[in-house]
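The values are calculated or read from the model by the stated rules, or taken from the named source; none is laboratory data. Keep in mind the model is a prediction, meaning the values are calculated, not measured. No Cβ is skipped: glycine too gets one built from the backbone with ideal geometry, and neighbour counts run over all protein chains shown. The accessibility values were calculated without ligands, DNA or RNA, using every heavy atom of the protein model including side chains. Shrake-Rupley method; radii C 1.70, N 1.55, O 1.52, S 1.80 Å.
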Amino acid sequence: MIQIDDAGSGSFVGGTCIGVYRPETNEYFFEIIPVELYNKENFKYKYYLDEVVNIVSDAFKAMKVSKNETIEICRGYMFEKLRKWLNSQGYCWYMTQISGRVQDVVEKNYALYTEKLGIPKAYIQYTKYPFHFHKLLRWVFADFDNRINLCKTGWNSWSKYEHIKPELSYSVMKQPNIFCLKCGKRIKKGSNIRVLSFTSNREQFVYLHENC
């Protein structure tokens with residue numbers, strides 16, 4: 001059996017991880033859809049859906065997937081073109097709720113990928129919804145010029161907030177265990193900080209070291 005799942009399609013930062021798994025032999029194949037396919041020019045043409053087909057096609061070749069194997073696909077829009085491709089190639093497939101090891105590994109690979117992009121590991125681990133849009137906005141605005149190109153700027157939700165100009169103020173950190181969203185390092189309680197504030201779904205605050 002072959003299972004196909006994705007992670008990161010709902011994350012504003014980064015591309016999307018596509019994972020293909022064969023549970024009988026514990027074989028995996030993973031690839032990231034480049035975030036460039038989600039920019040304003042490419043997003044409207046849904047090129048990211050074509051890339052799903054390319055990734056799965058490469059996975060099937062590498063894993064020598066036969067037409068006799070049953071294929072499980074996660075429900076969702078990411079596999080819209082893949083389903084048509086599987087039909088055209090004569091594969092036997094069905095949609096289902098993907099869970100278990102394949103889901104865990106795909107999500108873990110996506111988390112590792114976002115760490116490489118610069119999102120602090122602690123920000124991912126200790127936030128209940130680590131890839132929530134408005135939480136990620138705080139990370140993006142902490143270093144906007146260097147991070148906006150890592151985002152899915154073709155999303156309609158981004159168009160509502162792309163003209164935000166955060167306000168800068170200065171303060172003293174009163175809380176423990178707060179991380180600077182620019183450098184990713186812990187901010188010491190009692191130290192001087194810069195604070196960026198803006199409003200999205202609610203008032204948001206970005207805490208930075210004084211010299212970051």
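Filtered by the rule that a residue be aliphatic (A, V, I, L, M) and at pLDDT 95 or above, the stretch 127-163 gives V140, A142, I148, L150. Here L49 meets each of (1) closer than 27 Å to E24 by Cα; (2) aliphatic (A, V, I, L, M); (3) buried (at least 16 other Cβ atoms within 10 Å of the Cβ) with one exception, condition (1).
Any idea which residue in the stretch 73-126 is surrounded by the most Cβ atoms within 10 Å (Cβ to Cβ), counting only those that are free of Cβ contacts under 8 Å to residues at least 60 places away in the same chain and acidic (D, E)? It comes out as E115.
Scanning the stretch 54-68 for residues that are under 14 Å from F29 (Cβ atoms) and in a loop (DSSP other than H, G, I, E, B), we see that the one that is least open to solvent (accessible area, probe 1.4 Å) is V65.
When each of N201, N149 is tested for being open to solvent by 50 Å² or more (accessible area, probe 1.4 Å) and in a loop (DSSP other than H, G, I, E, B), the lone residue that passes is N201. Quick one: would you say V20 is more than 23 Å from H132 (Cβ to Cβ), surrounded by 12 or more Cβ atoms within 10 Å (Cβ to Cβ) and touching a Gly at 6+ places or on another chain (Cβ under 8 Å)? So V20 does not fit the description; no. Among the residues of the stretch 177-198, those identified as open to solvent by 80 Å² or more (accessible area, probe 1.4 Å) and farther than 19 Å from K135 by Cβ are K188, K189, N192.
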